[in-house]
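Asks: Please read through the structure below; I'll follow up with questions.
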Amino acid sequence: MARILVTGGTGYIGSHTVVCLMEQGYDVVIIDNLSNSNIEVLDGIEKIVGRRPDFENLDCLDYPNLDRLFTRYPDIEAIIHFAASKAVGESVEKPLMYYRNNIGSLVNLLELMSVHNVKHIVFSSSCTVYGQPDAAHLPVNETAPIQKALSPYGNTKQINEEIIQDTCHSNANIHATILRYFNPIGAHSSALIGELPNGVPNNLLPFVTQTASGLREKLRVFGDDYNTPDGSCIRDYIYVVDLAKAHVKAVERMLSGKAEEQVEIFNLGTGRGLSVLEILRTFIKVSGVHLKYEIVGRREGDIEQVWADPKRANEVLGWKADTPVEEVLLSAWNWEKRLRGIE
Ligand code: UD1
């Protein structure tokens with residue numbers, strides 16, 4: 001079975017993807033600089049799968065050592081590139097760190113793919129490239145216009161997509177799949193791996209579960225005066241394990257020569273938009289926890305509503321995100337309980 005290089009493989013989406021790849025029989029080598037993850041994640045993966053993935057503590061910016069890694073693993077057939085900085089607010093404060101890290105990492109990998117004859121790469125992009133689509137483009141499909149990014153983080157996703165397009169068009173040997181994620185949530189059903197945010201979480205679900213566990217006093221709902229049915233923002237929340245499975249499909253499609261274009265793009269979402277208040281209500285129902293929250297003002301830079309048209313991924317990749325949101329929210333809560341030692 002082919003070997004897959006997973007950059008950022010100890011991170012949130014990376015670790016769930018490594019599990020899916022190994023369950024399908026792939027050999028995996030993870031590289032991660034552990035800047036936003038931790039080495040114990042490998043124990044979680046090993047417990048779930050029964051095998052430990054190869055791991056190197058390596059930064060994708062470190063070209064010489066990255067080069068050596070490809071020499072040491074000549075059987076790498078595809079790369080799934082997760083490793084990146086992803087905090088929107090931090091990117092506004094430290095734009096150059098984001099440009100150097102996120103763009104430099106991809107450029108190094110693409111250069112080394114040519115050197116070492118690796119032909120396939122999957123890139124983690126984001127629905128953030130669509131900004132706020134107008135009503136005619138909701139649900140949003142892959143042909144919707146790209147809008148000017150609202151943060152350096154978002155801009156790195158757009159620039160990286162262009163770098164991939166330019167590289168593939170200049171080099172017929174490299175195939176790429178760009179996956180535009182909507183909002184990944186939840187944790188593996190074993191509660192052995194999950195999301196491990198550093199410090200105070202920015203994203204909704206980790207804040208919800210940390211409030212439920214008593215670590216945070218209350219959740220702030222950013223705005224109830226949007227032009228949506230209940231006034232709160234709408235997103236397409238996708239189960240991280242469903243999302244992970246899409247990466248395996250993308251790799252299989254490229255390795256088996258089924259990709260029809262050199263760069264293929266897929267939106268990965270459920271096709272269903274849920275409001276912040278709907279998420280809270282469902283979380284309270286499935287967890288049985290009394291969650292304290294208050295409505296506060298809007299958060300700067302938030303999009304009012306966006307959800308995916310996943311038809312292309314459903315039909316072309318043969319993949320569907322179909323785990324019920326109740327189950328997904330419960331998985332997030334079970335993970336949080338395990339982290340905090342709550343019965
Ligand atoms: C954010 C980024 C997006 C990035 C993604 C990756 C912005 C505008 N977008 O998505 O580019 O790809 O994270 O992590 O920052 N909410 C609350 N209270 C909270 C936290 C969130 O009400 O404490 C609301 C937000 O207003 C939003 C929804 O929950 O409506 C989801 O927020 P979040 O999880 O941060 O994701 P996005 O903003 O969609």
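The values are calculated or read from the model by the stated rules, or taken from the named source; none is laboratory data. Remember, it's a predicted structure, so these values are computed and weren't measured experimentally. Cβ: placed from backbone, ideal geometry, glycine included. Neighbour counts: every protein chain shown. Surface accessibility is based on the protein's heavy atoms, side chains included, excluding ligands, DNA and RNA. Shrake-Rupley method; radii C 1.70, N 1.55, O 1.52, S 1.80 Å.
Asks: Can you give the net charge of the other residues whose Cβ lies under 12 Å from the Cβ of residue 37, counting K and R as +1 and D and E as -1? Don't skip to the answer; put the middle values down first.
Replies: Details: positive: 86; negative: 32, 40, 195.
Result for the local shell: -2.
Asks: Right, next: Which far-off residues, 5 or more places away or on another chain, put their amide H under 5 Å from the one on residue 140, with H placed in the peptide plane?
Replies: 307, 308, 309
Asks: At R0 = 30 Å, how high is the FRET efficiency between residue 311 and residue 166 if r is their beta carbon distance? Nearest 0.05 is fine. Can you show the working numbers first?
Replies: Numbers: r = 28 Å, r/R0 = 0.92.
It comes to 0.65.
Asks: Estimate the FRET efficiency between residue 115 and residue 281 by the formula 1/(1 + (r/R0)^6), using the beta-carbon distance for r and 45 Å for R0, to the nearest 0.05.
Replies: 0.30
Asks: Let me ask something additional. Against the longest alpha carbon principal axis of the chain, how many degrees, from 0 to 90 and to the nearest 10, is the axis of helix 325-340 turned?
Replies: Once rounded, the angle reads 90 degrees.
Asks: To check you understand DSSP bridge types, tell me what percent of the beta bridges within the chain (both residues inside) are antiparallel, rounded to 5.
Replies: If I count the DSSP bridges inside the chain, around 5 percent turn out antiparallel.
Asks: Checking a compactness column here: for the stretch 46-178, what do you get for Rg(Cα) / (2.2 N^0.38 Å), N being the number of residues?
Replies: Values: Rg = 16.6 Å, N = 133, 2.2 N^0.38 = 14.1 Å.
Against the compact-globule rule of thumb, the ratio is 1.18.
Asks: Near residue 72, within a Cβ-to-Cβ distance under 12 Å, what is the net charge of the other residues, with Lys and Arg +1 and Asp and Glu -1?
Replies: Numbers: positive: 3, 68; negative: 54, 56, 67, 75.
Here the charged neighbours net out to -2.
Asks: Determine by what factor the alpha-carbon radius of gyration of the stretch 138-198 differs from 2.2 N^0.38 Å, reporting the quotient.
Replies: Its radius of gyration relative to the 2.2 N^0.38 Å reference: 1.52.
Asks: Something else now. In whole Hz, with x marking every Gly and Pro, tabulate ³J(HN,Hα) for the stretch 80-85 from phi via Karplus 6.51 cos²θ - 1.76 cosθ + 1.60, θ = phi - 60°.
Replies: Ordered by residue, 3J(HN,Hα) equals 10, 9, 9, 4, 5, 7 Hz.
Asks: If I build a Gaussian network model for the chain, linking alpha-carbon pairs within less than 10 angstrom, which residue out of 126, 275, 190 has the largest mean-square fluctuation?
Replies: 190
Asks: Here is a further query. At 1.4 Å probe size, with every protein chain present, just tell me what the per residue accessible area of the stretch 41-119 comes to in Å².
Replies: Per residue, the stretch 41-119 has 50 Å² of solvent-accessible surface.
Asks: Turning to a different aspect of this structure: Quick one: what are the phi-derived ³J(HN,Hα) couplings along the stretch 152-168, Karplus 6.51/-1.76/1.60 with θ = phi - 60°, whole Hz, x for glycine and proline?
Replies: So the J values, rounded to whole Hz, are x, 4, x, 5, 5, 5, 5, 4, 5, 4, 5, 4, 5, 4, 4, 5, 5.
Asks: Tell me the angle of helix 240-255 to the major Cα principal axis of the chain, expressed in degrees between 0 and 90 and rounded to the nearest ten.
Replies: Rounded to the nearest ten degrees, it is 20.
Asks: A further question follows. If we count every other residue with Cβ under 15 angstrom of residue 223's Cβ, Lys/Arg +1 and Asp/Glu -1, where does the sum land? Present the calculation step by step, with values, prior to reporting the outcome.
Replies: Details: positive: 220, 235, 298, 299; negative: 224, 225, 230, 278, 294, 300, 302, 304.
Around residue 223, the surrounding residues sum to -4.
Asks: Each residue of the stretch 97-113 in order: what ³J(HN,Hα) in whole Hz does its phi give by Karplus 6.51 cos²θ - 1.76 cosθ + 1.60, θ = phi - 60°, with x for Gly and Pro?
Replies: Karplus values, whole Hz, x for Gly and Pro: 4, 5, 5, 4, 5, 6, 7, x, 4, 5, 4, 4, 4, 5, 4, 6, 4.
Asks: Ignoring ligands, DNA and RNA, please state the percent of accessible area on the chain from carbon and sulfur, probe 1.4 Å. Write out the running numbers ahead of the final one.
Replies: Details: 7140 of 15120 Å².
Solvent-exposed carbon and sulfur of the chain make up 47 percent of the total.
Asks: Between the stretch 229-275 and the stretch 288-343, what is the C-alpha centre distance in whole Å?
Replies: If we compute the Cα centre of each part, the gap is 14 Å.
Asks: Taking 7 Å along the Cα-to-C-beta vector as the label spot, tell me the residue 134-residue 292 distance in nanometres, rounded to one decimal.
Replies: It is 4.5 nm.
Asks: Please give the peptides 231-244, 279-292, 8-21 ranked by average Cβ packing (other Cβ atoms within 10 Å per residue), highest first, as a rough proxy for protection.
Replies: For the peptides 231-244, 279-292, 8-21, the packing ranking is 8-21, 231-244, 279-292.
Asks: Given a Förster distance of 41 angstrom, what is the FRET efficiency for residue 173 paired with residue 61, based on the Cβ-Cβ distance and rounded to 0.05?
Replies: 0.95
Asks: OK, next. What per residue convex hull volume, in Å³, comes out for the stretch 23-63 when only alpha-carbon positions are used?
Replies: On the way: hull volume 3.1 nm³, N = 41.
That works out to 76 Å³ per residue.
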